[in-house]
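Here is the structure we will look at.
Derivation of every value follows stated rules applied to the coordinates shown; laboratory data play no part. Computed from a predicted model, the values in this text were never measured in an experiment. Note: ideal-geometry Cβ built from the backbone for every residue, glycine included; neighbour counts use all protein chains shown.
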Amino acid sequence: MILAILDSAGLPIIGGVDLLLITLAARMPQYAYLAAAYAVAGSLIGNLILFAIARKGGEAFLARHLSTRRGRRLHAWFEQYGLVTVFVPALSPIPLPMKIPVFCAGALEVHWSYFIGVVLAARAIRYFSLAFLGMRYGSATFLFLQKHIVEVGVIALILAGASVLIIKLARRAARRRRAHLHQG
């Protein structure tokens, strides 16, 4: 849990949590899902620390960068799909940068509950899946993941696409409700 907190709060420990979780699941399968739950909790705490720091001081940093045309475009994109940029690296066992999207989410004042939901969902899928794979394949889990890297990438892209679709549908439904309320 402490390793997950440190990793998610900004101290990069690439693959450390995954490796520890898989190793524990292979050697002590009776604790695999408990370890996964601790990894999820630790990751959430660490990401919330980084999110809160960005929430307090990130506005000034972003304000300088949002004054450019490119900055405004990136801001608009993040406003529309930003949490997908948190979901995909939080889910993927392939090392992807997650600190920058978490920082942006905090600085752009994404609602806490949305952020927590995205991190919890992605990390729960990732860590419980790794615990299962560690129990099933033991030390060969990393070989399994390397052998199936394309499938893992496709699954991550499908989940990201589904997330974007859900966001669009939810926004469309909210616009319809607002329009209906204004008409009535």
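Charge dipole (Cα centre; +1 on Lys/Arg Cβ, -1 on Asp/Glu Cβ; no other charges) of the stretch 106-182 amounts to roughly 480 debye. Here the calculated FRET efficiency for I53 and L120, from their Cβ-Cβ distance with R0 = 22 Å, stands at 0.65, rounded to the nearest 0.05. Using 0.36 nm per residue and subtracting the Cα-Cα separation, the extra length available between I100 and M28 on full extension is 22.5 nm.
Membrane-span-like helices in the chain (whole DSSP H runs, Cα extent of at least 27 Å along the helix axis, mean Kyte-Doolittle hydropathy of at least -0.5): 32-66, 69-91, 112-137, 149-183.
As a length-normalised measure over Cα pairs under 8 Å and 6 or more apart, the relative contact order of the chain settles at 30 percent. Count Lys and Arg as plus one, Asp and Glu as minus one, and take only other residues whose Cβ is under 11 Å from that of L91; the net charge is then +2. Peptides 149-158, 111-120, 17-26 ranked from most to least packed by the mean count of surrounding Cβ atoms within 10 Å: 17-26, 111-120, 149-158. The charge dipole of the chain, taken about its Cα centre with unit charges on the Cβ of Lys, Arg, Asp and Glu (plus for the first two, minus for the last two), comes to roughly 860 debye.
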